[in-house]
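Participant: Take this structure first; my questions come after.
Each value in this text was obtained by applying a stated rule to the coordinates, not by laboratory testing. Please read all numbers here as calculations on a predicted model, not as lab measurements. Don't worry about glycine lacking a Cβ; one is built from the backbone with ideal geometry, like all the others, and counts go over all protein chains shown.
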Amino acid sequence: MRSFFRGRDLSRVHSIAELAELARHRLPHFAWEYLSGGAEDELTLARNRASFSEVHLHSRTLVPCHPPVTQRRLLGRELAVPMLIGPTGYNGMLHRDADLHLARAATARGLPFCLSTVSNVSMEAIKAQVPDVNLWFQLYAMRDPEIQASLLSRAQQAGVDTLLLTSDAMVLGNREWDRRNFVRPRELSLGNKLDVLRHPRWLRQVMWPNGLPSMGNLEPFLPPAERNALGSMKFIGEQMDTLLDWSMLARLRDQWSGRLLLKGVLHPADAEKAMALGLDGLVVSNHGGRQLEGALGSLDALRLIAPVVRGKMALLLDSGIRRGSDIAKALALGADAVLLGRATLYGVAVAAEQGAGRALDLLHEEFVRTLNLMGCADIADLSPDWLADVHAHSIYRG
Ligand SMILES: Cc1cc2nc3c(=O)[nH]c(=O)nc-3n(C[C@H](O)[C@H](O)[C@H](O)COP(=O)(O)O)c2cc1C
């Protein structure tokens with residue numbers, strides 16, 4: 001794909017795919033693979049896109065074109081468009097202050113920003129520097145209950161009212177590129193070191209002056225000498241709880257008084273269990289195809305889960321959103337809102353806050369145009385009746 005992007009003229013970037021292509025050129029190979037890669041043969045990564053492309057919008061004609069209603073109330077807050085920036089760890093590999101840039105871009109558009117446990121900028125720093133942020137926090141459960149309690153109380157102090165527990169990463173997915181690119185933790189292979197030297201702008205943007213950043217939320221738990229990238233990676237490797245189960249989630253429900261969502265749900269039986277525990281919502285997600293290879297595409301899973309949930313709790317989806325029409329399809333199949341992962345990360349890698357903002361604006365504009373072309377005046381009207389699967393000659397219902 002040819003891109004006519006010059007300097008910071010982001011108005012010349014017309015799609016998330018184009019932002020991705022620019023990010024690929026700007027990042028050293030290892031960082032690009034970290035951002036874009038999936039597990040093993042990347043079948044699930046590909047399925048995420050395929051599951052969207054197999055669903056077709058069944059438009060109505062001769063519906064006058066007005067700005068469609070795209071606002072939605074989600075978990076007590078009004079959103080101009082039902083999307084938010086989802087949690088992604090170690091964004092500092094793309095841009096030193098990527099977490100802040102993402103938080104600013106989301107906040108400027110009235111959208112929530114979800115910070116990962118393994119972010120580089122701490123939740124306190126996000127709140128201090130972006131005071132109006134609608135901050136969500138994604139929790140990786142910790143083996144040490146005191147560490148987990150401390151993270152939760154800090155999140156509450158930082159104004160977080162929505163917590164996402166990620167349940168699909170108890171062991172790390174098989175990301176072969178990661179093992180290829182590093183000879184040992186944080187030590188790049190020679191080929192990758194040479195490749196890094198070919199990316200002076202990235203070196204300036206990420207590595208200068210202090211090298212790869214540590215994980216801000218975890219720093220208080222680390223001895224001063226280990227408050228660095230290696231120390232925090234070692235810490236999270238030791239602390240992430242691999243024995244997570246439903247009883248842990250029930251305890252978390254008691255422990256956390258704010259809204260609690262489970263992220264990484266693909267099976268309707270798990271949606272039932274989450275409802276029984278009184279959770280406030282689910283994120284249907286396969287972690288962007290980075291975890292279980294061979295997992296269902298996110299939209300495939302949504303189709304199974306939505307009929308079970310049916311307005312009883314918030315239903316969110318991520319994994320594969322790259323176009324405004326994807327948002328329309330997800331909403332038609334029962335999602336209340338979508339989370340963005342790589343889409344806004346491509347933007348931040350290209351041009352910090354402006355790049356993330358461009359990704360959000362592109363998706364918003366595409367979403368509005370899609371609704372107009374569908375003849376859909378209000379997202380509240382979206383339902384499976386707006387979809388057709390031309391291959392199966394079936395129409396989705398309920
Ligand atoms: C680079 C990267 C880092 C991620 N880190 C986390 C994380 O720390 N916690 C988490 O719950 N999900 C994490 N995810 C998964 C995202 O929250 C989300 O599920 C995924 O990106 C959605 O797929 P998409 O980016 O293809 O749309 C990460 C994804 C990427 C691409």
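Participant: In whole percent, what relative contact order does segment 244-398 give with Cα contacts below 8 Å and a gap of six or more residues?
Facilitator: For segment 244-398, the relative contact order is 16 percent.
Participant: Restricting to lysine pairs 8 or more places apart or on different chains, what number in the chain have Cα atoms under 28 Å apart?
Facilitator: Lysine pairs, 8 or more places apart or on different chains, close enough: 10.
Participant: Which whole-Hz couplings ³J(HN,Hα) result when phi for each residue of segment 115-127 is put into the Karplus expression 6.51 cos²θ - 1.76 cosθ + 1.60, θ = phi - 60°, listed in order with x for Gly and Pro?
Facilitator: 8, 7, 3, 9, 6, 8, 8, 6, 4, 5, 5, 4, 5
Participant: Sticking with this structure for a sec: Give me the distance in nm between label points sitting 7 Å out from Cα along the Cα-to-Cβ direction at Ala250 and Ala50, one decimal.
Facilitator: 3.9
Participant: Using a 10 Å cut-off around each Cβ, can you sort Leu79, Leu163, Leu197 from fewest to most neighbouring Cβ atoms?
Facilitator: Ranked by crowding around the Cβ, least crowded first: Leu197, Leu79, Leu163.
Participant: Highest mean first, what order results for 253-259, 63-69, 26-32 on Cβ atoms within 10 Å?
Facilitator: Values: 253-259: 14.9, 63-69: 12.0, 26-32: 22.1.
The peptides rank, most packed first, as 26-32, 253-259, 63-69.
Participant: If R0 is 22 Å, what FRET efficiency do you get for Arg186 and Ala17 from their C-beta distance, rounded to 0.05? It would help to have the intermediate numbers written out before the result.
Facilitator: Working: r = 31 Å, r/R0 = 1.41.
Using R0 = 22 Å, I get an efficiency of 0.10.
Participant: Would segment 91-242 count as rounded, prolate or oblate if I go by the C-alpha gyration tensor, calling it rounded below 1.5 in a/c and otherwise prolate when a/b exceeds b/c, oblate otherwise?
Facilitator: It is oblate, given that a/c is not under 1.5 and a/b is not larger than b/c.
Participant: Over segment 16-68, what per residue volume does the convex hull of the Cα atoms give, in whole Å³?
Facilitator: Details: hull volume 6.6 nm³, N = 53.
Output value, Cα hull per residue: 125 Å³.
Participant: Something else about it: Starting from the Cα of Val69, step 7 Å along the direction of its Cβ; do the same at Glu219; then give the gap between the two resulting points in nm.
Facilitator: 4.6
Participant: Okay, next question. What whole-number value in cubic angstrom gives the convex hull volume per residue for the C-alpha atoms of segment 217-282? Please report the intermediate quantities before stating the final value.
Facilitator: On the way: hull volume 7.6 nm³, N = 66.
So the per-residue Cα hull volume is 116 Å³.
Participant: Leu373 to Met275: extension gain in nm, 0.36 nm per residue of separation minus the Cα-Cα distance?
Facilitator: Result for the pair: 31.7 nm of gain on full extension.
Participant: Suppose every K and R has +1 on its Cβ and every D and E has -1 on its Cβ; what is the size of the dipole of segment 65-180 about the Cα centre, in Debye to the nearest 20?
Facilitator: 260
Participant: Taking the DSSP beta bridges in the chain as the whole, what percent of them are antiparallel, to the nearest 5?
Facilitator: 25
Participant: To continue, here is another question. Find which of Met374, Leu316, Pro145 sits farthest along the positive direction of the dipole of the chain, computed with +1 on the beta-carbon of Lys and Arg, -1 on that of Asp and Glu, about the Cα centre.
Facilitator: With unit charges placed on the Cβ atoms, the residue in question is Met374.
Participant: What are the ³J(HN,Hα) couplings of segment 284-297, residue after residue, when phi is run through the Karplus curve with 6.51, -1.76, 1.60 and θ = phi - 60°? Round to Hz, x for glycine and proline.
Facilitator: Along segment 284-297, the couplings run 6, 7, 10, 6, x, x, 9, 10, 6, 5, x, 5, 4, x Hz.
Participant: Just order 99-109, 310-320, 264-274 by mean Cβ neighbour count inside 10 Å, highest at the front, would you?
Facilitator: 99-109, 310-320, 264-274
Participant: For segment 227-234, in order, what is each residue's ³J(HN,Hα) by Karplus, 6.51 cos²θ - 1.76 cosθ + 1.60 with θ = phi - 60°, in whole Hz (x at glycine and Pro)?
Facilitator: Coupling constants for segment 227-234: 7, 8, 4, 5, x, 6, 5, 5 Hz.
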